[in-house]
Amino acid sequence: MATIREALLAALDHHAAGRLDAAATLYSRIIEADHGQADAHHLLGVALTQIGRASDAVAPFLTAIRLAPEQASFRSNAGNAFKALGRQEDARACCRIALALEPGHPDALGNLAAMTADPAAALAIARRSRRLEPLKEETPFNCGVLLRRLGRGVEALDSFRACLLLSPTNAAALHAAAELMEAEHPHEAARLFRRVARLIPDSFGAVLRAAMALSRSGAVDGAIALLDGLIREVPDLAEAHFNRAGLHHESGSLEAASAGYRRTLALTPGDAEAWYSLASVEKDRHRMETATGGYRRALAVDPSLQAAQLDLRAVLGRQFPAWHFTMLADQARNAAYLRAIDAAVKPGMIVLEIGTGAGLLALMAARAGAAHVYSCELSRPLAELARAIVSDNGLSDRITIINKRSSELRVGVDLPEPADLLISEILDAGLLGEGAAASVAKAARALVKPGAVILPRGAVIKAMPIECPALRSVNPVGTIAGFDLSRLEAYRTLSYTVLALNDVPHRPLGPPTDVCWIDLRNPPAHGPVGSARLPIAADGALHAIAFWFELHIDDRTVLSTAPGAESRHWQQALQFLTGDRPVRAGDAVEARLSYIAGRLHFTV
C-alpha cells in the first residue's frame, strides 16, 4: 500500500499534467486517510478552483488554513476561490493576511492588484508582484491593462510586449498590443491581429480588425484580399461584406462597393449605416435618384442618422456649381496660392493637383518649374475645358489633366511615380464641404512621397454668435407673407448656409473666437473636432453661428475669409440653430464643432 507521501507525489504528477479530476480524487483519498494533511486540503482547493468548482474549494482551503495558519500561499489561493465566487471582501482579506505573513508573496500581490478599484494603486501593487516574479507572464499583462486604463499607452504597449517575450502565443496580449499600435503603426497592428486569428480560429473580429489596420497603412488591396478570404470561410458575415464594400468605395471601385453594400443589406436589411453607405456610393456614381432613395431608407431605419439627413438635403438641393467664376476673380486667393506654389516648387518636381477646375493652379506649378503636373478633375466638361486652357498656354507637354476622382488615381497607371508636392483648393466657406478631408487624406497616403510638401497646410476656424432675423424666417422654412411654404423645407440643407455676412442684416452678439486648428495635411476623421466658449457681449436672440477660417497655405502665407477680408469668393458660413436662444451680455455659449457627412457642423 502506498504511503501518504507516495500518494501525494502521484497526485501532484496528475495535477502538473493537467489531469485535475484525477488529482482531486487522490487528494480526497489522502484526506480520508489522514485528515490532518494540510497540503492535501490546500491542493484539493487549488484543483477544484481550476476545474471551476470554486464553491466546493472553499471548505478544503479553510481547513488547510486552520491546520497551517502561517502558510501565506494557503490564504492567497483561497482568495482565488473567493474571487471566482464574487466574494471580493473575503478575497481581499485573504490576500491581506497572506501579505502580512509574507510581504513579498507574488500571487497575493497579483490578486490584490486585480481587486483594487483605483488603477494607480492597483498598478503599484502589480509592479511589486512583477519585480518578485519577473518571468510570470500574467504580471506584465496585468500592468499593461492598468497602464492603459490610466491613459499611459506607450508604457502599456511596453508591458504587453514584455508579456509576449515570456509567452509569444498569449492572444490577449497580442490583441491588446495591436489595439495600441493601430493609430501609429497600422501595418504592425495588422500583423498582430492576424496572429490572434491564427491562435483562435473562430476569432472573426480579429480578422476584421487586421483588414482595417491594413487599409489604414495604405495596403488597401491586402485588406480586401484578407476580407475576401474571410467571406469565403464565413459567407454570411455581414460585417465582412460591409467593410470590404467600404474599402472598395475608398479605392474608387464604386460598382464593387455598391454590390458589397447590397449583399450586406440582403443579410441585414435593417442596417441604417449600410443603407447610408450604399446611397453615398450611388451619389458618387451620379445616380441621384437611387442615392436619394437610399438616404430615405437609412432614415426610415434610424431617423437620428445625422449624416443621412445632411446628405439627403445636399443631394436634393444640388445645383450646378457656378462659383468657379467668382473663385477665379478672387485676386487675393490667386496671389496667395501663387506665392506658396512659387516657394514650394523646385526644378524637376512631380506635382499632383486635386481638383483642376479651370487649371489655374496647375499652370502656376508648371510655370514655377515643375517637371510635370498631374491634375485630376471629376467633371468631364471641366476636364476638357482645362485641357484646352493648358493647350492655349503652351503647356500640354508638362501638364496632364486626368478625368478621374483623386481616389481612383494609381501610381504606375496615372502617375509614373509618387508626387513631390500635393496642391489642392477644394475648400468651401465651411472649409471641408467639398470633400477636402477624404481626398487629401487618401492622396497623402497613396500618391505622394514620404515627407512630400502638401498645400495648403491647415486652417484656424473662427466663430461668432449672431442675431439674424431676416434669414431666420427661412431657416427653417415656414409661413411667408401669410402663405404656408413649409413644403420647401425638405430641400433646405441642414448644413450651413454660405453667404457674404456683410451683405446680410445681422447683429454680432459677441466677438469672433478661435475654435480649433484643422490640419489639412492630415485631415480629421468623422466626429468631434473642437469646441469653444463663445463670449456674449450683447443681449439678444442667438439665431446662428457665423464661421470662417484663416487658411495657412504654407508657413508664411495666410489668407483670411473673414467678413471684409481681401479674399471674397469663399464668403462665410452660417449654421442656424434649431430654435432661438435668448442670451445676455456676460454669458458664454458652448459651441461644439464636428465633422459629419463631409462637412463641419456646429451644435450649441
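Could you tell me whether Ala23 is crowded, with 18+ Cβ neighbours inside 10 Å, touching a Leu at 6+ places or on another chain (Cβ under 7 Å), modelled with pLDDT of 80 or more and under 21 Å from Gln71 (Cβ atoms)? The answer is no for Ala23.
Could you check, for segment 332-349, whether at least one of its residues is assigned to a loop (DSSP other than H, G, I, E, B), in contact with a helix residue (DSSP H, G or I) (Cβ under 8 Å, 6 or more places away or on another chain) and of a type in the set (S, T, N, Q)? No: segment 332-349 contains no residue that is assigned to a loop (DSSP other than H, G, I, E, B), in contact with a helix residue (DSSP H, G or I) (Cβ under 8 Å, 6 or more places away or on another chain) and of a type in the set (S, T, N, Q).
Take Ala546 and tell me if it is closer than 29 Å to Ser424 by Cα, of a type in the set (A, V, I, L, M) and not assigned by TED's automatic domain parsing to the domain that holds Asp311. Please lay out each step first, then the result.
Numbers: closer than 29 Å to Ser424 by Cα: yes; of a type in the set (A, V, I, L, M): yes; not assigned by TED's automatic domain parsing to the domain that holds Asp311: yes.
Yes; evaluated as a whole, the condition is true for this residue.
Screening Ala537, Ala541 for residues that are farther than 17 Å from Ala336 by Cβ, touching a residue at least 24 places away in the same chain (Cβ under 8 Å), aliphatic (A, V, I, L, M) and assigned to a loop (DSSP other than H, G, I, E, B) leaves exactly one candidate, Ala537.
Does Ile224 satisfy being under 30 Å from Leu447 (Cα atoms), surrounded by fewer than 19 Cβ atoms within 10 Å (Cβ to Cβ), assigned by TED's automatic domain parsing to the domain that holds Ala307 and among the hydrophobic types (A, V, I, L, M, F, W, C)? So Ile224 does not fit the description; no. Considering (1) in the same structural domain as Gly357 (by TED's automatic domain parsing); (2) among the hydrophobic types (A, V, I, L, M, F, W, C); (3) under 22 Å from the mean Cα position of the chain (by Cα), the lone condition that Ala336 does not fulfil carries the number (3).
Apart from one condition, Asn142 fits all of (1) assigned by TED's automatic domain parsing to the domain that holds Ala219; (2) modelled with pLDDT under 80; the exception is (1). At least 1 residues being among the small types (Gly, Ala, Ser) and under 15 Å from Glu239 (Cα atoms) is the threshold, and among the helices (runs of 4 or more DSSP H) wholly inside segment 254-308 those reaching it are 254-267, 272-284.
Here is the figure for segment 220-236: residues that are in contact with a His (Cβ under 7 Å, 6 or more places away or on another chain) and closer than 11 Å to His187 by Cα total 0.
Restricting segment 196-253 to residues that are among the polar types (S, T, N, Q) and within 21 Å of Thr268 (Cα to Cα) leaves a set whose member that is modelled with the lowest pLDDT is Ser203. For the condition buried (at least 19 other Cβ atoms within 10 Å of the Cβ), out of contact with any helix residue (DSSP H, G or I) (no Cβ under 7 Å at 6 or more places or on another chain), over 30 Å from Gln575 (Cβ atoms) and at pLDDT below 95, Ala370 does not qualify.
In the set Ala108, Ala117, only one residue is in a loop (DSSP other than H, G, I, E, B) and at pLDDT below 65; that residue is Ala117. Summed over segment 161-180, the residues that are within 18 Å of Leu199 (Cβ to Cβ) and over 22 Å from the mean Cα position of the chain (by Cα) give a count of 10. Among the residues of segment 557-579, is there at least one that is part of a strand (DSSP E or B), exposed (fewer than 13 other Cβ atoms within 10 Å of the Cβ) and touching a Pro at 6+ places or on another chain (Cβ under 9 Å)? Yes, some residue in segment 557-579 is part of a strand (DSSP E or B), exposed (fewer than 13 other Cβ atoms within 10 Å of the Cβ) and touching a Pro at 6+ places or on another chain (Cβ under 9 Å).
Among the residues making up segment 252-263, a single one is in contact (Cβ under 8 Å) with a residue 24 or more places away in the chain, surrounded by 19 or more Cβ atoms within 10 Å (Cβ to Cβ) and under 22 Å from the mean Cα position of the chain (by Cα): Ala257.
Residue-wise test of (1) at pLDDT below 90; (2) under 30 Å from Ser560 (Cβ atoms); (3) hydrophobic (A, V, I, L, M, F, W, C).
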residue	(1), (2), (3)
Arg398	no, no, no
Gly412	no, no, no
Leu415	no, no, yes
Ala419	no, yes, yes
Leu447	no, yes, yes
Pro450	no, no, no
Pro469	no, yes, no
Thr479	yes, no, no
Arg487	no, no, no
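Cβ-Cβ distances below 6 Å connect the following pairs, each with a first residue in segment 265-288 that is touching a residue at least 60 places away in the same chain (Cβ under 8 Å), a second residue that is buried (at least 18 other Cβ atoms within 10 Å of the Cβ), and a separation of six or more residues or different chains: Asp284/Leu254. Taken together, the residues in segment 289-307 that are touching a Phe, Trp or Tyr at 6+ places or on another chain (Cβ under 8 Å) and without any contact (Cβ under 8 Å) to a residue 40 or more places away in the chain amount to 6.
What about Ala16, is it within 52 Å of the chain's Cα centre (by Cα), of a type outside the set (Asp, Glu) and modelled with pLDDT under 80?
Values: within 52 Å of the chain's Cα centre (by Cα): yes; of a type outside the set (Asp, Glu): yes; modelled with pLDDT under 80: yes.
Taking the combined requirement at face value, the residue satisfies it.
Residue count for segment 400-447 under the criterion of being of a type in the set (Val, Ile, Thr) and either over 26 Å from the mean Cα position of the chain (by Cα) or outside the structural domain of Ala358 (by TED's automatic domain parsing) (or both): the result is 5.
Matching residues to (1) outside the structural domain of Leu247 (by TED's automatic domain parsing); (2) in contact with a helix residue (DSSP H, G or I) (Cβ under 7 Å, 6 or more places away or on another chain); (3) under 24 Å from Asn142 (Cβ atoms):
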| residue | (1), (2), (3) |
| --- | --- |
| Leu165 | yes, no, yes |
| Thr169 | yes, yes, yes |
| His175 | yes, yes, yes |
| Met181 | yes, yes, yes |
| Leu199 | no, yes, yes |
| Val207 | no, yes, no |
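The residue of segment 69-90 that is surrounded by the fewest Cβ atoms within 10 Å (Cβ to Cβ), among those that are within 40 Å of the chain's Cα centre (by Cα) and charged (D, E, K, R), is Glu89.
For segment 306-320, the criterion of being among the basic types (Lys, Arg) and at pLDDT 90 or above is met by no residue.
The values are calculated or read from the model by the stated rules, or taken from the named source; none is laboratory data. Because the structure is predicted, anything quoted here is derived from the model rather than measured. Ideal geometry is used to build each Cβ from the backbone, glycine not excepted, and the neighbour counts take in all protein chains shown.
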